[in-house]
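A quick write-up on the structure given underneath.
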Amino acid sequence: MKRRNPIYVVGRILVIPIFKLLFFYKVNGKKNLPKKGPYIVCSNHLSNYDPVFLALTQKRQIYYMAKAELFKNRFFSWLIRKLGAFPVERGAGDGKAINEAEQVVNDGRLLGIFIEGTRSKTGEFLRPKSGAAIIAQQMNVPVIPVCITPKNKKVKVFQKVTISWGKPMSVEELGLKNGGGEEYRRASRMIMDEIKKLRENDLK
């Protein structure tokens, strides 16, 4: 299994106290993340801070697909690659990005996917995309649902944010057998339903 990048490790250590002051974040269920083995970390998406929240709430490094536009600046591209991001051309069926995602899984690492495909501007859940289900089925890898729940639906500084980790969902539990559009959509809804349940518990 590939080790965490040193820049990622140092950055995480430096950022934790800053985020604790800015967001008063709380973590639930982090024991649901196994210490080793490949998984798809599947979260809702509310802000640019979301990858940082997920990184700070557990020790394993997560590798994300990120929109290609973020990689145009040479220095920023170098930095976010070290932090675990790799580019994807959205809406273009990017085979290179899919191959890189598969390599992450094959290496026993964590692949991060925001299941809605884009940020929710209202804080409400958006319709889930099928990317996580497709990779889960093709690579036979479990999915871990995660919910980011801020106070008043939007992530803002000096307000409480709860990050809750759900239990891993196996390919069998998701009903992923032969693949296909309907199967992927059904599995994606199941993942989203688990994310919604995590929010319901956080708001009690």
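When segment 174-204 is filtered for residues that are out of contact with any helix residue (DSSP H, G or I) (no Cβ under 8 Å at 6 or more places or on another chain), part of a loop (DSSP other than H, G, I, E, B), open to solvent by 70 Å² or more (accessible area, probe 1.4 Å) and closer than 18 Å to ALA133 by Cβ, only ASN178 remains.
Taking the listed residues ILE148, ILE134, ILE144, the one that is open to solvent by 40 Å² or more (accessible area, probe 1.4 Å) and not in a loop (DSSP other than H, G, I, E, B) is ILE134, with no other qualifying.
Taking every residue in segment 2-26 that is farther than 21 Å from ILE148 by Cα and pairing it with any residue that is part of a helix (DSSP H, G or I), at least 6 positions away or on another chain, the pairs with Cβ-Cβ distances below 6 Å are ASN5/LYS82; ILE7/LYS82. Of all the criteria given as (1) in contact with a Gly (Cβ under 8 Å, 6 or more places away or on another chain); (2) open to solvent by less than 50 Å² (accessible area, probe 1.4 Å), the one not satisfied by ILE80 is (1).
Would you confirm, using the coordinates I've provided, whether ILE62 is in contact with a Gly (Cβ under 8 Å, 6 or more places away or on another chain), in contact (Cβ under 8 Å) with a residue 60 or more places away in the chain, crowded, with 16+ Cβ neighbours inside 10 Å and under 24 Å from GLY131 (Cα atoms)?
On the way: in contact with a Gly (Cβ under 8 Å, 6 or more places away or on another chain): yes; in contact (Cβ under 8 Å) with a residue 60 or more places away in the chain: no; crowded, with 16+ Cβ neighbours inside 10 Å: yes; under 24 Å from GLY131 (Cα atoms): yes.
Taking the combined requirement at face value, the residue does not satisfy it.
Here SER43 meets the list (1) touching a Lys or Arg at 6+ places or on another chain (Cβ under 9 Å); (2) closer than 14 Å to GLY112 by Cα almost entirely, failing just condition (1).
Residues that are touching a Leu at 6+ places or on another chain (Cβ under 8 Å) and part of a loop (DSSP other than H, G, I, E, B) were ranked within segment 83-131; the one that is surrounded by the most Cβ atoms within 10 Å (Cβ to Cβ) is GLU116.
The values are calculated or read from the model by the stated rules, or taken from the named source; none is laboratory data. Computed from a predicted structure; not experimentally measured. Neighbour counts are summed over all protein chains in view; Cβ atoms, including those assigned to glycine, are modelled from backbone coordinates with ideal geometry. Just the protein is used for accessible areas: all its heavy atoms, side chains included, with ligands, DNA and RNA removed. Shrake-Rupley method; radii C 1.70, N 1.55, O 1.52, S 1.80 Å.
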